[in-house]
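Values in this text are rule-based calculations from the coordinates and carry no lab data. Remember, it's a predicted structure, so these values are computed and weren't measured experimentally. Here the Cβ positions follow ideal geometry from the backbone for every residue, glycine too, while neighbour counts run over all protein chains shown.
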Amino acid sequence: MIANIGGSFKTQKTKVGEITLQPGKWLLNASAFFARTEAGVAGTRPQLALRVGASDTAFGDDFGTILGAEISPANDRELTGSTVKVVKVAEATKVEVFGFGYNDDGSSAGGGQITVTADVVAVRVG
């Protein structure tokens, strides 16, 4: 469940998982399945973000982001997305996976109304 919509990603994000990459070059492929559990406002854009070093004061380094499409305000509606990114890490690196979202009107409506399921695959390349 994405606990918070709107506000700052830094302080409002919901952790949904993590992976650890060993040193090397990696192709990251992430997919997200968002589902609205109750009717809400129009203009809600859920987000899945893969970040390194995200905190309450930092966005962290982007290792892949799914964001942009609006989910229907009707109950029982779904939205999917995916991202592919090649990254290089010099040491064992924890990549955290977060759910979040924004509303076109800037409000916090929709928090606790959208679930997210994520799959992240890391393949060593190069």
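Please list, by residue number, everything in region 1-20 whose backbone N is under 19 Å from a paramagnetic label point 7 Å out along Cα→Cβ of Val41.
From region 1-20, the list is 2-14.
For the charge dipole of region 9-125, defined by +1 on Lys and Arg C-beta atoms and -1 on Asp and Glu C-beta atoms about the Cα centroid, which residue among Leu21, Gly64, Gln47 has the Cα displaced farthest towards the positive pole?
Leu21
First measure r as the distance between the Cβ atoms of Lys15 and Ser82, then evaluate 1/(1 + (r/R0)^6) with R0 = 30 Å and state the FRET efficiency to the nearest 0.05.
0.90
Excluding residues fewer than 8 places away in the same chain, name every one of the lysines whose C-alpha is closer than 18 Å to that of Lys88.
In chain and number order, the partners are Lys25.
Could you please state, rounded to a whole Å, how far the C-alpha centre of region 90-110 is from the C-alpha centre of region 1-30?
Their Cα centres are 6 Å away from one another.
Taking the mean number of other Cβ atoms within 10 Å as a proxy for protection, how do you rank 16-23, 32-39 from highest to lowest?
Peptide ranking by packing, descending: 32-39, 16-23.
Kindly state, to the nearest 0.05, the FRET efficiency for Asn29 paired with Asn75, given R0 = 30 Å and r defined as their beta-carbon distance.
0.50
If the chain between Arg124 and Ser107 were fully stretched, how many nm would it gain, using 0.36 nm times the residue separation less the Cα-Cα distance?
Between Arg124 and Ser107, full extension yields an extra 2.1 nm.
Suppose R0 equals 25 Å; then what is the FRET efficiency for Leu67 and Ala92 from their Cβ-Cβ distance, rounded to the nearest 0.05?
For R0 = 25 Å, the calculated efficiency reads 0.35.
Nearest 500 deg cm²/dmol is fine: what mean residue ellipticity at 222 nm does the chain get from its DSSP H runs of n ≥ 4 alone, each adding -39,500 (n - 2.57), divided by its residue count?
It lands at -500 deg cm²/dmol.
Quick one: putting +1 on the C-beta of Lys and Arg, -1 on the C-beta of Asp and Glu, what dipole do you get for the chain around its Cα centre, in Debye to the nearest 20?
Approximately 400 debye in magnitude.
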